[in-house]
Amino acid sequence: MGAIEDKATDSGYVDHAAYRAAGGYRLLQACLGGRLHPESAIVTMMAAGLRIPDAGGGTIPAGRRWRQVRTAPGPRALLVDVDGGGPWALRDRHYLGRDPHRVLEGALLAAWAADIEHVQLRLPDGEPGLHAMLREELAFLHADLPEAGFVHIRIGAAPPDAAITLEQDAESLHWVRDILERGADWFTSQGRHGKRGLRSFAVSGAVRVPGVKLVPAGTTARELVDEYCGGMREGAALYACLPGGAAGAILPAAMADIPLDADTLGRHDVDVHPGTVVVLAEGERACDAACAVLAHCRAQAGSAVHDAIDAALALLDCPMPGSAARLEALAHGLRDASPAAARAIDSVLAHFGHELDGHVDAARAA
């Protein structure tokens, strides 16, 4: 297990014909034909322990959320947001771009189980090829399985017109068919360090082999680098990593043996749903990584927080005596308006204060 297995056709992805030839949509047809009850599917998903991101930045069991949506007043919608910029965005684009019908069947199965009327795909701007491919594959799907039109699948950016919305990432939808076909035990039998299931990480930075990696749940940052990314670049040593990319948290190498799991990291005061892992080598600065996060946050945030982010950027780039206290106050003020920016600053203060002190000492010596 390493990089996600490539079953793409010559077109660069698993198209409708290839997916159908491999048994795709048979499970959906069985469900629509009454051979499986929605509650049975929900129970299986609960037993598998598959988790999806929730609105608060953490995770929730997919089966529990399906049941919540099913029992809530309608109309109901499923939103697959691949343009949200969250820490799972890169891996979601990978799954949707390489194996779109597995994600689409997962979405239709979730819609069937949760009694959802329509599914909406929110795709990133600037990727016309992805939009065109999905529109073409949806046309093949609807022509082949008109009964799947019990829900309407559309591509759009506007919020779904629904009383309640199930938001689910593409990676978790990718696993729905396998879990329902193979059973919860198949999924839970995989994992390490007391965790169950499979996870994917989009890894970049100072590693030999970056990319999207499929690993057992509970894999640590060090294991991710050494076993799945070919180790660090030649001559480099692990210094730090960002387990959620632009989500802001930065962990030192001393925490590289902690499972990259939201619940585990939460017990270490790291509030992030892992997904995009950026690896830093000795010689790089966590302050610079924090500045990159803050710059991203500034571009996404309203003008009300620009001054605070600009002040933090200046202090991280060129610390001075008293910078730590000032950064702490700025992080406190940003905690609600820009959580990722606050997390990045908090990480520097908690784990990389020596970078601030060293910069000041170097400036004094000069």
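At-a-glance table
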item	result
In segment 28-75, the trypsin sites (Lys or Arg not before Pro) that fall in loop regions by DSSP, at most 14 other Cβ within 10 Å	Arg35
Among beta bridges that DSSP assigns inside segment 53-201, antiparallel share in %, nearest 5	5
Order by protection proxy (mean Cβ within 10 Å, highest first), peptides 168-178, 304-314	168-178, 304-314
Neighbour cut-off at most 12 other Cβ (10 Å), DSSP loop, GluC sites (Glu not before Pro), segment 197-242	Glu234
Tail beyond 35 Å, pair distance distribution of the chain (Cα, percent)	28
Whole-angstrom gap from segment 226-255 to segment 287-349, using each part's C-alpha centre	21
Additional length obtainable on full extension of the chain from Ser40 to Ala304, 0.36 nm per residue less Cα span	90.2 nm
Percent of beta bridges antiparallel (DSSP, the chain, rounded to nearest 5)	50
Fully extended contour minus Cα-Cα distance, from Ala325 to Gln190, at 0.36 nm per residue	44.1 nm
Segment Ala254-Asp336, extension gain: residue separation times 0.36 nm, minus the distance between their alpha carbons	26.7 nm
DSSP H segments from the chain that extend 30 Å or more along their own axis, Cα-based, with Kyte-Doolittle mean of 0.0 or above	none
Summed residue charge, Cβ within 12 Å of Met255's Cβ, Lys/Arg positive, Asp/Glu negative	0
Distance (nanometres) between label positions extended 7 Å along Cα→Cβ at Arg222 and Ala47	3.6
Average silhouette area of segment 205-348, convex hull of alpha-carbon atoms, in square nanometres	8.6
Positive minus negative residues near Arg199 (Lys, Arg vs Asp, Glu; Cβ under 10 Å)	+2
Cα convex hull volume per residue for segment 64-211 (Å³)	137
Sparse-neighbourhood loop sites, trypsin sites (Lys or Arg not before Pro) in segment 266-366 - DSSP loop, at most 12 other Cβ within 10 angstrom	Arg267
The chain - percent relative contact order, Cα under 8 Å, separation 6 or more	16
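Where a number appears in this text, it was derived from the coordinates with a stated rule and is not lab data. Worth saying up front: this structure is predicted, and the values here are computed from it rather than measured. In this analysis, Cβ positions are derived from the backbone assuming ideal geometry, glycine residues included, and neighbour counts consider all displayed protein chains.
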